[in-house]
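For reference, the structure discussed in these notes is given below.
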Amino acid sequence: MNTRVSLKGGLETHPVSLDLAKLLAWASQYRTELRQTEFQQELDALGISLSLSERQPTIGFGASYERSGNDIDLPTANWAGTLNINLPVSISDLVYGWAKVRERRAQYRQATLKHAEVEDQIQLQVRGAYDRYQFWQNELSPRQQSLQRLEALLSSLRKQKTRASERLEAERIVMESRIRFLEAVHGHLSALASLERAVGKPLNEER
């Protein structure tokens with residue numbers, strides 16, 4: 001409990017080249033919300049097929065052949081055939097059959113609309129995260145270059161005999177520039193994390 005702990009490290013990031021079209025394709029493949037709506041569509045389509053099959057007639061054919069005796073010249077062969085047709089004409093089928101089919105079709109249309117809505121939401125999330133990532137990635141290099149230029153000026157200023165107020169003002173400007181650069185680094189890392197959540201897939205292999 002009394003151990004002293006010291007942490008060392010730095011907040012670093014590097015530009016990542018990502019393609020928006022590829023990210024949108026990954027989102028449609030890996031986001032579980034889309035998979036759920038697609039499964040619901042398949043279930044509703046299967047329900048429509050089953051409801052329609054209950055309304056279709058069933059036709060059955062049958063045939064039999066019988067031969068008695070050992071003399072092949074005797075007409076002792078008997079043939080018999082059957083034909084069965086089952087029509088779904090019960091009261092429940094007449095009253096509720098087509099209503100059930102219409103209900104299944106309405107559920108399928110509802111699932112289709114839900115799928116399109118979820119897909120639009122996911123694409124909006126991916127595009128928003130991608131725009132934020134692009135903004136911070138474009139901010140990294142200019143802020144880093146500005147910080148390096150100010151640090152070089154401050155280093156040369158420290159070697160000169162200047163007033164304390166001027167040196168203090170230079171230190172303040174460099175510190176503000178360093179904070180701005182760290183904000184860009186943090187924003188870039190946060191944007192990448194948001195983009196991974198929006199896509200539903202780690203982007204480590206793209207780095």
Where a residue in the range 192-203 is at positive phi and its partner, wherever it lies, is modelled with pLDDT under 90 and small (Gly, Ala, Ser), with Cβ under 9 Å and at least six apart:
GLY200/ALA27
Kindly list the number of the only condition in (1) within 22 Å of LEU20 (Cβ to Cβ); (2) surrounded by fewer than 17 Cβ atoms within 10 Å (Cβ to Cβ); (3) modelled with pLDDT of 80 or more that fails for GLN125.
(2)
Among residues of the range 197-207 being surrounded by fewer than 17 Cβ atoms within 10 Å (Cβ to Cβ) and assigned to a helix (DSSP H, G or I), the residue modelled with the highest pLDDT is ARG197
In the range 106-119, what residues are of a type outside the set (A, V, I, L, M, F, W, C) and open to solvent by 100 Å² or more (accessible area, probe 1.4 Å)?
ARG109, GLN110, LYS114
From (1) part of a helix (DSSP H, G or I); (2) modelled with pLDDT under 85; (3) of a type in the set (S, T, N, Q), pick out the condition that doesn't hold for THR82.
(1)
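Yes or no, residue by residue, for (1) in a helix (DSSP H, G or I); (2) aromatic (Phe, Trp, Tyr); (3) out of contact with any Asp or Glu (no Cβ under 6 Å at 6 or more places or on another chain); (4) at pLDDT below 75:
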| residue | (1), (2), (3), (4) |
| --- | --- |
| ARG102 | yes, no, yes, yes |
| GLN110 | yes, no, yes, no |
| LYS114 | yes, no, yes, no |
| TYR130 | yes, yes, yes, no |
| GLN144 | yes, no, yes, no |
Test: ALA184 is at pLDDT below 90, under 30 Å from PRO15 (Cα atoms) and not aromatic (Phe, Trp, Tyr):
no
Only one of SER177, SER156, SER165 that is farther than 30 Å from VAL126 by Cα, of a type in the set (S, T, N, Q), open to solvent by less than 80 Å² (accessible area, probe 1.4 Å) and in contact (Cβ under 8 Å) with a residue 12 or more places away in the chain
SER177
Per the filter on the range 25-52, residues modelled with pLDDT of 75 or more and open to solvent by less than 30 Å² (accessible area, probe 1.4 Å) are ALA27, ARG31
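The values are calculated or read from the model by the stated rules, or taken from the named source; none is laboratory data. Keep in mind that this is a model prediction, so the values were computed, not measured. Don't worry about glycine lacking a Cβ; one is built from the backbone with ideal geometry, like all the others, and counts go over all protein chains shown. We work out accessible area using only protein heavy atoms, side chains counted, and drop any ligands, DNA or RNA first. Shrake-Rupley method; radii C 1.70, N 1.55, O 1.52, S 1.80 Å.
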